[in-house]
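Written below as structure tokens is the structure these notes are about.
The values are calculated or read from the model by the stated rules, or taken from the named source; none is laboratory data. Just so it is clear, the model here is predicted, and its values are computed rather than measured. Methodologically, a virtual Cβ is constructed for each residue, glycine included, from the backbone with ideal geometry; neighbour enumeration extends over all protein chains shown.
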Amino acid sequence: MNEFVEQFREKPFKKIGYYPCYTLCIVSLASGIILPVAVYKIFPQYTTTTIPFVIILLIGGFAMLRFVKYARIIPFLFTLIFVIFAVFTMSTLQAIPVMNQYKSAKEICDKANSMIKSGDKLAMYNFFRDPYLFYTNRNYIEVINGLDALKQFLNTTERVFLFIQEKDFREVSKSPEMPLFVLGKDSVGHRNILFISNKEK
């Protein structure tokens, strides 16, 4: 082991071998600074999730820089492995819930398909996405805009169905003239979508 360590202290290695080590330190420190800024500009809602990564990258970068400076290669390697493992673990824990928000509309559409009979009306309120057409096997879905149009759609003797965003549902549910029965709920993209009807059964 001593011979292994000593070879890293030789001048040829110090001239050439330390360059990749310093590069890794710089990358780690730069990532700790750039990551939160980039996430804030692109996905500001996830800025707080970068805090653990920033702490690990900055502390790990400074630790590796110190070890390289004093020719302590073995601690450097262990620190590098720890930083990689910690970042991988944290990214897994943070990314899975985030990615889960971006699952497709298939699940809630399958719920709708299990309840809608042939000929039943289906609409969407204040939004439209092509996947809802695909997963409900329809060529057309009516898009309703405005409370008056929604009241007219729901206040009918026949049973009708609707996809609506949760934020819109909270608003329209304040009206006593709206017959609203929630049949299903799912997270699709960055939206919480409700599948509702004007009749419970």
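Hey, does the stretch 161-182 have a residue that's of a type outside the set (A, V, I, L, M, F, W, C), touching a residue at least 40 places away in the same chain (Cβ under 8 Å) and either touching a helix residue (DSSP H, G or I) at 6+ places or on another chain (Cβ under 7 Å) or part of a loop (DSSP other than H, G, I, E, B) (or both)? Within the stretch 161-182, none of the residues are of a type outside the set (A, V, I, L, M, F, W, C), touching a residue at least 40 places away in the same chain (Cβ under 8 Å) and either touching a helix residue (DSSP H, G or I) at 6+ places or on another chain (Cβ under 7 Å) or part of a loop (DSSP other than H, G, I, E, B) (or both).
At pLDDT below 90, within 20 Å of Gly119 (Cβ to Cβ) and either of a type in the set (A, V, I, L, M, F, W, C) or surrounded by fewer than 18 Cβ atoms within 10 Å (Cβ to Cβ) (or both), is that true of Asn192? Against the criterion (at pLDDT below 90, within 20 Å of Gly119 (Cβ to Cβ) and either of a type in the set (A, V, I, L, M, F, W, C) or surrounded by fewer than 18 Cβ atoms within 10 Å (Cβ to Cβ) (or both)), Asn192 does not qualify. For beta carbons closer than 8 Å, sequence separation of 6+ or different chains, a first residue in the stretch 105-127 that is of a type in the set (A, V, I, L, M, F, W, C) and assigned to a loop (DSSP other than H, G, I, E, B) and a second that is at pLDDT below 90 and exposed (fewer than 14 other Cβ atoms within 10 Å of the Cβ), the qualifying pairs are Ala105/Pro131. When the residues of the stretch 131-147 are filtered to those that are under 29 Å from the mean Cα position of the chain (by Cα) and part of a loop (DSSP other than H, G, I, E, B), the one that is nearest to Lys106 (Cα to Cα) is Thr136.
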